[in-house]
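The values are calculated or read from the model by the stated rules, or taken from the named source; none is laboratory data. The structure presented is a predicted model; accordingly, all values stated were derived computationally and were not measured. Neighbour counts are summed over all protein chains in view; Cβ atoms, including those assigned to glycine, are modelled from backbone coordinates with ideal geometry. We work out accessible area using only protein heavy atoms, side chains counted, and drop any ligands, DNA or RNA first. Shrake-Rupley method; radii C 1.70, N 1.55, O 1.52, S 1.80 Å.
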Amino acid sequence: MRKPLIAGNWKMNGSLALLETMKQALTSANIASGVDVAIIPPFTLLMSAKGVLAESSLSLGAQTLHPESSGAYTGEISADMLTECGVSHVLVGHSERRTLFGEDDQAVLARIRAALDAGLTPILCIGETLEEREADRVETVVLGQVKTVIDDLSAEQRSRLVMAYEPVWAIGTGRTATPEQAQQVHAMIRAWLSDKDPALGEGMRLLYGGSMKADNAAELLSQPDIDGGLIGGASLKPDDFIAICHAAG
Ligand code: 13P
């Protein structure tokens, strides 16, 4: 059985006040113990979040990391620095990193390796653009992104990954993939992983991301190959985020 994970990616939003409000709201919401919940705030809130979330069952994530462990990389943050902030999860290859900051598949792979080496759980983000979907290239693009990472890792490393399918055209647009569209891609990814190693396919947590909201979460999360959500906009609103967590339980 794969335990669902609901992760809130705050992107470049939020504040210490929101962090405290969110923690209070989540801890009094009685989220089912069968659901993992992670908050992924900006770097500047991580050290405070370590204290705010201590003694709670909430996990802390970061939005990216640099592949090197230290050095002259002005403005960057390493895996060890994240660990010191109490971070357990880190997003890698989010489409905004790929498109706005030029991270290609090799850059994504280097970050995945750095995260795994530091004992962090990477959440590998994958997904096609609208243009790629319309050109019937979903399988080529998505499996290409998966393959670059999976083929380079040992079985033990692969087993520590989480993946998030986020169709680029559904991110922040209010245009969600239908449950059928999302399930179809998730099933395709799982079949590819199972072909490589049945235990890998069976165990991989595949999250869906892209305009997941309180009113569409239950239907998406009830799909057999969707094991949770990576939530953007709705993760900034405590009531909405809690409703999504409840839908997973
Ligand atoms: P939205 O939920 O705002 O569409 O963002 C999804 C996302 O990019 C999460 O990483």
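Which semi-axis lengths, in whole Å and largest first, follow from the square roots of five times the eigenvalues of the Cα gyration tensor of segment 126-234? It would help to have the intermediate numbers written out before the result.
Details: eigenvalues 103, 51, 27 Å².
Whole-Å semi-axes of the equivalent ellipsoid: 23, 16, 12.
Report the full-extension gain for the segment Asp239 to Thr74: residue separation times 0.36 nm, less the Cα-Cα distance, to one decimal in nm.
Details: separation 165, 0.36 × 165 = 59.40 nm, distance 3.75 nm.
Stretched fully, the Asp239-Thr74 segment lengthens by 55.7 nm.
Between the alpha-carbon centers of segment 18-32 and segment 127-197, tell me the distance in whole angstrom. Computed from Cα coordinates, the inter-centre distance equals 31 Å.
Take the Cβ-Cβ distance between Thr83 and Met1 as r, set R0 to 22 Å, and report the resulting FRET efficiency rounded to the nearest 0.05.
On the way: r = 28 Å, r/R0 = 1.29.
So the FRET efficiency works out to roughly 0.20.
The relative contact order of segment 60-162 comes to 27 percent, based on Cα pairs under 8 Å that sit 6 or more residues apart. Model label points for Ala25 and Ala107, set 7 angstrom from Cα along the Cα-to-Cβ axis, are 3.3 nm apart.
Per residue of the chain, the DSSP helices (runs of n ≥ 4 H) give a summed -39500 (n - 2.57) that works out to -12000 deg cm²/dmol at 222 nm. Couplings 3J(HN,Hα) of segment 85-101, computed from phi: 8, x, 6, 10, 10, 9, 6, 9, x, 4, 4, 5, 5, 5, 8, 8, 10 Hz, in residue order, whole Hz [Karplus 6.51 cos²θ - 1.76 cosθ + 1.60, θ = phi - 60°; x for Gly and Pro]. Arg133 contributes an accessible area of around 50 Å² to the protein surface, as traced by a 1.4 Å probe with all chains present. Distance from the C-alpha centroid of segment 204-249 to that of segment 79-113: 22 Å, rounded to the whole angstrom. Put simply, the amide H of Leu207, placed in the peptide plane, has neighbours under 5 Å in Met163, Ala164, Tyr165, Asp227, leaving out anything fewer than 5 places away on its chain. Both radii are taken from the alpha-carbon atoms of segment 1-80; with Rh as the Kirkwood radius, Rg/Rh is 1.02. At the residue level, Ser48 shows approximately 50 square angstrom of accessible surface with a 1.4 angstrom probe and all protein chains present.
Of the GluC sites (Glu not before Pro) found in segment 50-109, those in coil by DSSP whose Cβ has at most 11 other Cβ atoms within 10 Å are Glu55. Computed from label points 7 Å out along Cα-Cβ, the spacing between Leu153 and Ala187 is 2.5 nm.
In the chain, the sites counted are chymotrypsin sites (Phe, Trp or Tyr not before Pro) in DSSP loop states with at most 16 other Cβ atoms within 10 Å, and the longest stretch holding none of them, exclusive of the sites, is 102-249.
Computed from Cα atoms alone, the Kirkwood hydrodynamic radius reported for the chain is 18.0 Å. With a Förster radius of 45 Å applied to the C-beta separation of Ser33 and Glu134, the computed FRET efficiency comes to 0.60.
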